[in-house]
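See below for the structure under consideration.
The values are calculated or read from the model by the stated rules, or taken from the named source; none is laboratory data. None of these values were measured; they are calculated from a predicted model. Positions of Cβ are backbone-derived with ideal geometry, glycine not excepted, and every protein chain shown enters the neighbour counts. Keep in mind that these areas ignore ligands, DNA and RNA; they rest on the heavy atoms of the full protein, side chains included. Shrake-Rupley method; radii C 1.70, N 1.55, O 1.52, S 1.80 Å.
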Amino acid sequence: LEEGSSYYQNIWVLYNQYSSSLSDNFSMGAGIVPLFLFAGAPTPVWIVPKFSIPLVTDKVNIGTGAFLGTILGEGSEFFGLLYETTTFGSRDKNFSIGFAYGFAAGEWMDRPIVNLSTMIRTGPRGYFISENYLIPYKTTSWDYYGDYSEKNTFAAIISLGGRSIIRKIGLDYSLWIPLNVDLDTFLAIPFLGVTIPIGE
């Protein structure tokens, strides 16, 4: 985001986030899933600070930031992610690789989440977008002799979709496909969101 710009993002009605750029290199966002509207259910809230540095204009950018949240009505435990990402290319055609460590209830992940994503302009008002994640986790098992063991593995999530610009409003749509998980059938989860710029 350029200094002074801001936007509102909504995903599937319930996810709401407002982000604003305080400088060309620092932005801050805040969000909520307003579940309190449903009989006072616990409500997730979060902030999203991000700092970015262009190493080579329109060629290499690095960014670091955090997703820091809690659930109102469920005590004061915090959860979130600390991340770093490197983007190669311009605003119209780029590829990013990122790493994030998550935490919850005072415990940190011992291996990072890996993100690989790309965005390519397909026309004056369209983009192809793909976001893909490798998420580590552990499986546990007992052998014939009753010995317990843990194995490090990962789940993968890939997405294919796009963005259409309609009167300055961005319409995002994609399918998210989980891999390497215990599913008996193929699963593709639809994603739909809008991004609305605020002011000039």
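One table, with the values for the structure above:
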read-out	value
For the stretch 68-83 versus the stretch 1-65, the gap between their alpha-carbon centres in whole angstrom	16 Å
Cβ charges +1 (Lys, Arg) and -1 (Asp, Glu), total dipole of the stretch 79-178, debye	880 debye
Within-14-Å neighbourhood charge of PRO178 [Cβ basis; K, R +1; D, E -1]	-3
Within a Gaussian network of the chain (alpha carbon springs, distance under 10 Å), most fluctuating of GLU131, GLU150, GLU107	GLU150
Spacing of the two label points (7 Å from each Cα toward its C-beta) at LEU116 and SER5, in nm	2.8 nm
Column: log10 I(q)/I(0), Debye, Cα scatterers of the chain, q = 0.12, 0.13, 0.14, 0.16 Å⁻¹	-0.75, -0.89, -1.03, -1.34
Net length gained if the chain between TRP108 and ASP182 were fully extended (0.36 nm per residue, minus Cα distance)	24.2 nm
Distance histogram in 5 Å bins (all Cα pairs of the stretch 96-200, percent per bin)	3, 10, 14, 16, 16, 15, 11, 7, 4, 2, 2, 1, 1, 0
Carbon + sulfur, % of accessible area of the stretch 39-107 - ligands and nucleic acids excluded, 1.4 Å	67 percent
The chain - charge dipole about Cα centre, Lys and Arg +1 at Cβ, Asp and Glu -1, debye rounded to 20	820 debye
Within-13-Å neighbourhood charge of GLY161 [Cβ basis; K, R +1; D, E -1]	-1
Accessible area (Å², per residue) of the chain, counting only protein heavy atoms and a probe of 1.4 Å	65 Å²
Proximal charge balance of TYR127 [Cβ under 11 Å; K/R count +1, D/E count -1]	+3
